[in-house]
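The values are calculated or read from the model by the stated rules, or taken from the named source; none is laboratory data. All figures in this text were calculated on a predicted structure; none of them were measured in a lab. As a convention, Cβ positions derive from the backbone with ideal geometry for all residues, glycine included, and neighbour counts pool all protein chains shown. With ligands, DNA and RNA removed, areas are computed over all heavy atoms of the protein, side chains included. Shrake-Rupley method; radii C 1.70, N 1.55, O 1.52, S 1.80 Å.
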Amino acid sequence: MKYKLTLKKIIKHFNVVNRHRFKVFCLCCKVGIPIQGLLHDLSKYRPVEFFESAKYFTDGKYSPIKNCKMDIGYSKAWIHHKNHNKHHYEYWYDYTAPMECAPIPFKYFLEMVCDSLAAGMIYQGKDWHQGYQLEYWKKAREKARINDDLKKSLDQVYKEISKEGINKVLKKSHLKEIYTKNMKTIKKS
Ligand SMILES: [Zn+2]
């Protein structure tokens, strides 16, 4: 498929980014990190990320990064994004370190949960349901190079959300409980 950058795609992509960021902000407020929510994903406005994703924008139902990877085999936007945003577990991955998957600090763990939920809601639109994230995570978790203790935390968070919904589970104290219970790798970071 030939992808071209057009003004229409620029506007549509800009719109999806803003809607995603606003949703993340709302969820971050629920878990008590409003400032982080406000600053979430600002690197998406950098030219290296913005124009590639606008070019590869299709219908706003999934990430344009996926299209770019399918087209040329990699994505500069994604490489830039994961290296500048601590809420992505890929940021903490280092295959040369004794601990390949470093544990993500609690505040970024919170942002990661909000980010994944918001992405699902924006991309799925009216098809989104509270079990969606668990379904998505079940497929992603095998390949995910993420700290094992955190994997267990995410298992629990998404399972609980699928049963009880976002409002009950997305509370800072409750997520802290889950995080500390599973986090055996490191005591303090
Ligand atoms: Zn991000």
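Answer yes or no as to whether residue 117 is in contact (Cβ under 8 Å) with a residue 12 or more places away in the chain, closer than 17 Å to residue 19 by Cβ, open to solvent by less than 30 Å² (accessible area, probe 1.4 Å) and not assigned by TED's automatic domain parsing to the domain that holds residue 34. Against the criterion (in contact (Cβ under 8 Å) with a residue 12 or more places away in the chain, closer than 17 Å to residue 19 by Cβ, open to solvent by less than 30 Å² (accessible area, probe 1.4 Å) and not assigned by TED's automatic domain parsing to the domain that holds residue 34), residue 117 qualifies. Cβ separations smaller than 9 Å between residues 6+ apart or across chains give the following pairs from segment 81-109 residues that are away from the ligand (no atom under 14 Å from the Cβ) to residues that are among the β-branched types (Val, Ile, Thr) and open to solvent by less than 30 Å² (accessible area, probe 1.4 Å): 93/146; 101/146; 107/33. Restricted to segment 28-54, and to residues that are hydrophobic (A, V, I, L, M, F, W, C) and within 13 Å of the ligand (Cβ to nearest atom), which residue is nearest to residue 172 (Cα to Cα)? By that ranking, first place goes to 28. Taken over segment 32-63, the residue count meeting the criterion of being in a helix (DSSP H, G or I) and buried (at least 19 other Cβ atoms within 10 Å of the Cβ) is 8. Restricting attention to segment 64-95, which residues are outside any helix (DSSP H, G or I) and crowded, with 19+ Cβ neighbours inside 10 Å? The answer is 75, 85, 87, 88. Return the residues of segment 115-170 that are part of a helix (DSSP H, G or I) and aromatic (Phe, Trp, Tyr); say none if nothing qualifies. Hits for segment 115-170 are 123, 132, 136, 137, 158.
Residues checked against (1) farther than 26 Å from residue 127 by Cα; (2) assigned by TED's automatic domain parsing to the domain that holds residue 127; (3) modelled with pLDDT of 95 or more:
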site	(1), (2), (3)
30	no, no, yes
40	no, no, yes
44	no, no, yes
51	yes, no, yes
61	no, no, no
69	no, no, yes
73	yes, no, yes
77	yes, no, yes
